[in-house]
Amino acid sequence: QVQVVESGGGLVQPGGSLRLSCAASGIVFSTYGMGWYRQAPGKQRELVARISLRSITDYADPVKGRFTISRDNAKNTVYLQMNSLKSEDTAVYFCNVGWTSSNYWGQGTQVTVSS
């Protein structure tokens, strides 16, 4: 059974940083791309960043230069380092298995950027 568990969200001031983690099990992690998505209140879920099995990365325009996605295959974990956070980054952040979205989602972790 595939399981995806996100952690690391919280409340942070504008300009601050957070690192999200996503642990996946039930798959051969090293053979899958992984993605981070977010959903703000009243908005559709959107892709934030993704990383291929060969660690090729892709970012949504609003986060380029501020967010960094990485993976540790030994730990079956993908990370999202978020710097220079803005109020518009406030959302629930979800992890997903695959370079393109799949049915395997985590429960999400809330990120709130506010002073």
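Output the residues belonging to the stretch 63-77 that are surrounded by 15 or more Cβ atoms within 10 Å (Cβ to Cβ) and basic (K, R).
Hits for the stretch 63-77 are R66, R71.
Before we move on, is V78 at pLDDT 95 or above, touching a Lys or Arg at 6+ places or on another chain (Cβ under 6 Å) and not polar (S, T, N, Q)?
In short, yes.
Give the number of residues within the stretch 68-103 that are farther than 19 Å from R54 by Cα and not β-branched (V, I, T).
Going through the stretch 68-103 one residue at a time, the tally reaches 12.
From W105, W99, grab the single residue that is within 12 Å of the chain's Cα centre (by Cα), surrounded by fewer than 22 Cβ atoms within 10 Å (Cβ to Cβ), of a type outside the set (S, T, Y) and modelled with pLDDT under 95.
That would be W105, the only listed residue that is within 12 Å of the chain's Cα centre (by Cα), surrounded by fewer than 22 Cβ atoms within 10 Å (Cβ to Cβ), of a type outside the set (S, T, Y) and modelled with pLDDT under 95.
Tell me, which residue of the stretch 20-48 that is in contact with an Asp or Glu (Cβ under 7 Å, 6 or more places away or on another chain) and hydrophobic (A, V, I, L, M, F, W, C) is nearest to W105 (Cα to Cα)?
Checking each candidate, the answer is C22.
Which of the residues spanning the stretch 89-103 are at negative phi and in a loop (DSSP other than H, G, I, E, B)?
T90, W99, T100, S101, S102, N103 - these are the residues of the stretch 89-103 that are at negative phi and in a loop (DSSP other than H, G, I, E, B).
Restricting to the stretch 37-62, and then to whatever is of a type in the set (K, R) and surrounded by 12 or more Cβ atoms within 10 Å (Cβ to Cβ), can you tell me which residue is nearest to N76 (Cα to Cα)?
R50
List the strands (runs of 3 or more DSSP E) that sit entirely inside the stretch 1-74 and contain at least 2 residues that are without any contact (Cβ under 8 Å) to a residue 24 or more places away in the chain.
57-59, 67-72
Could you check, for the stretch 6-16, whether at least one of its residues is among the polar types (S, T, N, Q) and under 19 Å from S101 (Cα atoms)? Can you show your working first?
Initial filter on the stretch 6-16 (among the polar types (S, T, N, Q)): 7, 13.
Subsequent filtering for residues that are under 19 Å from S101 (Cα atoms) retains none.
Checked the stretch 6-16: no residue is among the polar types (S, T, N, Q) and under 19 Å from S101 (Cα atoms).
The values are calculated or read from the model by the stated rules, or taken from the named source; none is laboratory data. It should be emphasised that the depicted structure is a prediction, and the values quoted were computed from it without experimental measurement. Reconstructed Cβ throughout: ideal geometry from the backbone, glycine too, with neighbour counts over all protein chains shown.
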